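Take a look at the structure set out below.
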Amino acid sequence: MTRNFPALFGAAPTHRADAPGRVNLIGDHTDYNGGFVLPMPIPHHTTVELRLREDGMVRMWSASVEEPSTLETYSIGGETRKQDWTDYVQAVTWALRPDHRALRGFDLRIESTVPLGAGLSSSAALLIALLRGLRKALGLEFTDEALATVAHRAETEFVGAPVGIMDHMVCSLGRPHEAFFLDAATLEHEYVALPQTIEWVVLHSGLSHHHATGSYRERRQECETINRLLGLRWLRDLERNGLQSVLARIGELPSPLDRRARHVITENQRVLTAMDFLRQGNAQGFGTVMSASHDSLRHDFDVSIPDIDLLVELARAHPAVYGARLTGGGFGGSVVFAAAAGNGRDVAQWVSQRYRAGTQRDATILLPFNRETSHL
């Protein structure tokens, strides 16, 4: 049973802030390679309520934790990783401390409709929501882009998740109903109107992932090895020589590094092509590029799993679907489909029923968004 702020802390909150999750339409494992991405914010949000304290104590409670009967606490300056959700709160104060000596303790309540481990940036949504709340409460003079960079440093350096900056940028700067094109090397970004001919569908496979450990970290390490072998800062630096020349050079790398590099290089090209299709309102073209992205993530980057592949294959078999792919870092999480407008809910249910028959697992329909099933 959820508990409100006064019941938890004995007084009303003084500040409230939120931030959205995101779905990446195309461009995965490119941001930490200095490449291009094309996500969009989703209606699911993380909301924080807080009240400043006179001491340096932080007391926190999350509605997303099963049976959270007690408050979690720590002192600012004494942040210590616990490898649970509290690390993300600690990461924010850890990242803010060096430049903001006036940082004070606070009581914090967190509630979210962004599903955990679904590849939809639940962690970035929490970081940005908390930073927005502290910006209000403490009068911090941070731009939205600066919030994103602080959040990224908090997640990579304190939490230890080797993620790129895409999630933090779109959760901080994204606009509803627009795609957010980002050059991760320069942080230059552009808003792109989404065509009304497409309805976006997102299904969570029921299998979660964790980016701070495991195969996601391994993929990033492989990309760093490629950069060292080729004497590059970013893999995208090869692209100025022309695609065919680049593919010939990465073909000299040992397996599987050649396939990892091929994915990153070709995915950057697919993002740029997808941008052109969006501007043209070409739903069929965009869907074709989405599907090619999934095939590359599956065969070259090896981040898909059978359940995700099944969802994608089922979606592609539906006549109202233009294209489908996994979204996020992979190894579980969610898939995104581009469906013909007006068909999203029917497509989602059609795919979910067949996924259930094939896996005995339920897929959760996250888009199209249904506010009646949301707990916020």
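Descriptive notes on the structure:
- Of all residues in the stretch 149-160, exactly one satisfies the criterion of being surrounded by fewer than 23 Cβ atoms within 10 Å (Cβ to Cβ) and either among the small types (G, A, S) or not assigned by TED's automatic domain parsing to the domain that holds V37 (or both), namely G160.
- Criterion violated by V48 - all others in (1) free of Cβ contacts under 8 Å to residues at least 60 places away in the same chain; (2) in contact with an Asp or Glu (Cβ under 9 Å, 6 or more places away or on another chain); (3) outside any loop (DSSP other than H, G, I, E, B) satisfied: (1)
- Within the stretch 191-211, one or more residues are hydroxyl-bearing (S, T, Y) and under 25 Å from T149 (Cβ atoms).
- Qualifying positions in the stretch 240-289 - of a type in the set (V, I, T) and touching a strand residue (DSSP E or B) at 6+ places or on another chain (Cβ under 7 Å): V271, T288, V289
- Residues that are basic (K, R) and touching a His at 6+ places or on another chain (Cβ under 9 Å) were ranked within the stretch 241-288; the one that is surrounded by the fewest Cβ atoms within 10 Å (Cβ to Cβ) is R259.
- Hey, G10 without any contact (Cβ under 8 Å) to a residue 12 or more places away in the chain and not assigned by TED's automatic domain parsing to the domain that holds A324 or not: yes
- For V246: the one exception among (1) at pLDDT below 90; (2) in a loop (DSSP other than H, G, I, E, B); (3) touching an Asp or Glu at 6+ places or on another chain (Cβ under 8 Å): (2)
The values are calculated or read from the model by the stated rules, or taken from the named source; none is laboratory data. It should be emphasised that the depicted structure is a prediction, and the values quoted were computed from it without experimental measurement. Because the Cβ atoms are built from the backbone with ideal geometry, glycine has one as well, and the counts that use them run over all protein chains shown.
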